[in-house]
Amino acid sequence: MGRSGGSTLPTHLQHPKVQECLDRGSPYWFFRYRQDQQLPGGGVKTTRKRHILAPSKGRYALSRRQAETARDRFLAGLLAPPEHLLAVPTGGVSPNPKLATDLSFGQLAAVWRRDFVEGQAGGRPLVSASTRAKYIRHLENHILPRWRDTLVHELRAKPVLDWLQEEGQSWYMMADLRNLMSGIFTKAQEWELLPDSFANPMHRVRLPRKWEVRQKRILSPEQTMRVLARLRDPVLLISQTCLETGARISEVTGLRIQHVDLQLGCVRIEQRHWRGDIDEPKTARSRRTLALGTLRERYRRWMAGLADGSREGWLFPQQQDGTRPMWDSGVRKALKLAAAEEECDFAGLGLHTLRRANITWRQEVGGSSIEASQIAGHANSKMTGEYTVVQLQRQDDLTRRLQEKLVHAARRRVKGKP
């Protein structure tokens, strides 16, 4: 967006090389480009900028060719910037609201990505690395190929819904795509790039009834113990922590020595780790303290053998580089292999399955749904309900208790008859 002291001019024709950054945590694609800025006195100032495209490795990675395509789209947007979009007057009102809705969706998305998804405040990213990667992947692979050139005022709910039902591989993916598009319009109105009178077309997009691609499953306690018996530390201790405390894998790999209190027997969740990126917990309620129970002694022995026992040292450091925390990928692979060897693997089994088991079993042993929700760090108890799996054995136990209650009632009735 335009900044005080000058306005942005179209960028020179240029074709910078897409490069891969490998020394700043999670690898990613980036390129450097030149941008001109009109100075108040009439001169032009050229600055060299660095633009991050997307992860180059991991689940949300783009190939080099995809990254080059994303570079070309970004530069094309700079060559023909919509002046009424980039320069909102001091009064905060668009000079021509009608023209604002003549923007293409791709133009709005470019500003949203630049100033929000990749934006910073006080040197801190506005969006976490994992969320940023998901947004960019959805934009580049799904949304922009279909809606980039569609004018804002031409977007209608029915065509969007038809596209979602064809594009979405699951109900959750459909919801993600719709919500992302809606968020772009919402930000545009917050920034006064669109008039307040503009009706967000995504608000009329009603998704079909939710369905599950995979059945929510957890291992039985017996299967779980067999799988864990095949693991070795640190994978075993990490898996046990997810299973017995309900912590997310990103929270466990993000633990430092200073987050462990052996005297109280607890860990404090104050940050999370995702593929080299260290960030705040997922939500405000995710910042919490978790009891270790019998894991306290396991932690004591593990910490005694760490090369770096300082407060800033990682609880689960990489073997090759002790100055960095472990990634979750190696732990997931070991867990899947162990489950396969025990012939109890299934699609979707992972460390999140252990967390789901914790939430389920915690309530089975007497914990309330509110307690389970707070320990899990969920934003609300509704989410805890979605995580809870009522297993067949549990159903059978409850059914038999109910049946016994009815039998006792029948006996009392018979005894009470004259």
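The values are calculated or read from the model by the stated rules, or taken from the named source; none is laboratory data. Since we're looking at a predicted model, the values are computed, not measured. Virtual Cβ from ideal backbone geometry, glycine too; neighbours counted across all protein chains shown. To get the accessible areas, we keep the full protein, side chains included, count just its heavy atoms, and leave off ligands, DNA and RNA. Shrake-Rupley method; radii C 1.70, N 1.55, O 1.52, S 1.80 Å.
With charges set only on the Cβ (+1 for Lys and Arg, -1 for Asp and Glu), what does the dipole of the range 122-196 come to about its Cα centre, in debye to the nearest 20?
Here the range 122-196 has a charge dipole of around 280 debye.
Can you classify the range 176-220 as rounded, prolate or oblate using the Cα gyration tensor, where a ≥ b ≥ c are the square roots of its eigenvalues, rounded means a/c under 1.5, and otherwise it's prolate if a/b beats b/c and oblate if not?
Here the range 176-220 falls in the prolate category.
Given labels modelled 7 Å from the Cα in the Cβ direction, how far is it in nm from residue 153 to residue 22?
About 5.2 nm separates the two model spin labels.
Ignoring ligands, DNA and RNA, how do 203, 378, 153 rank by accessible area with a 1.4 Å probe, largest first?
Solvent-accessible surface, decreasing: 203, 153, 378.
Are there GluC sites (Glu not before Pro) in the range 175-244 that DSSP puts in a loop and that have at most 13 other Cβ atoms within 10 Å, and which ones?
Answer in residue order: 212.
Determine the share of the range 211-299's accessible area contributed by carbon and sulfur atoms, expressed in whole percent, with a 1.4 angstrom probe.
47 percent
Label points 7 Å out from Cα along the Cβ direction at residue 211 and residue 393: separation in nm?
Going from the residue 211 label point to the residue 393 one covers 3.2 nm.
Pop a pseudo-label 7 angstrom from the Cα along the beta-carbon direction at both residue 287 and residue 402 and give the gap in nm to one decimal.
4.3 nm
Given the pairs 45/134; 158/282; 158/187; 17/57; 134/216; 57/210, which span a C-alpha to C-alpha distance of over 29 angstrom in this model?
45/134; 158/282; 57/210
Got a number for the accessible area of residue 210? Probe 1.4 Å, square angstrom, nearest 10.
Answer for residue 210: close to 90 Å² accessible.
For the range 109-199, what does the alpha-carbon gyration tensor say about shape, rounded, prolate or oblate, given a ≥ b ≥ c as the root eigenvalues, a/c under 1.5 as rounded, and a/b over b/c as prolate?
Because a/c hits 1.5 or more and a/b fails to exceed b/c, the range 109-199 counts as oblate.
Ratio of the range 223-267's C-alpha Rg to 2.2 N^0.38 Å, to two decimals?
The value comes to 1.22.
How many Å² of accessible area per residue for the range 202-326, probe 1.4 Å?
55 Å²
When you take every Cα atom in the range 130-253, what is the radius of gyration, and what is Dmax, the widest Cα pair distance, in Å?
For the range 130-253, the Cα radius of gyration and maximum Cα-Cα distance read 20.7, 61 Å.
With every protein chain present, what accessible area does residue 370 have (1.4 Å probe, heavy atoms only), rounded to the nearest 10 Å²?
Roll a 1.4 Å probe over it and residue 370 shows about 110 Å².
Using a 1.4 angstrom probe on heavy atoms only, work out the carbon and sulfur share of the accessible area of the range 117-169 in %.
Answer for the range 117-169 is 43 percent, counting heavy atoms of protein chains only.
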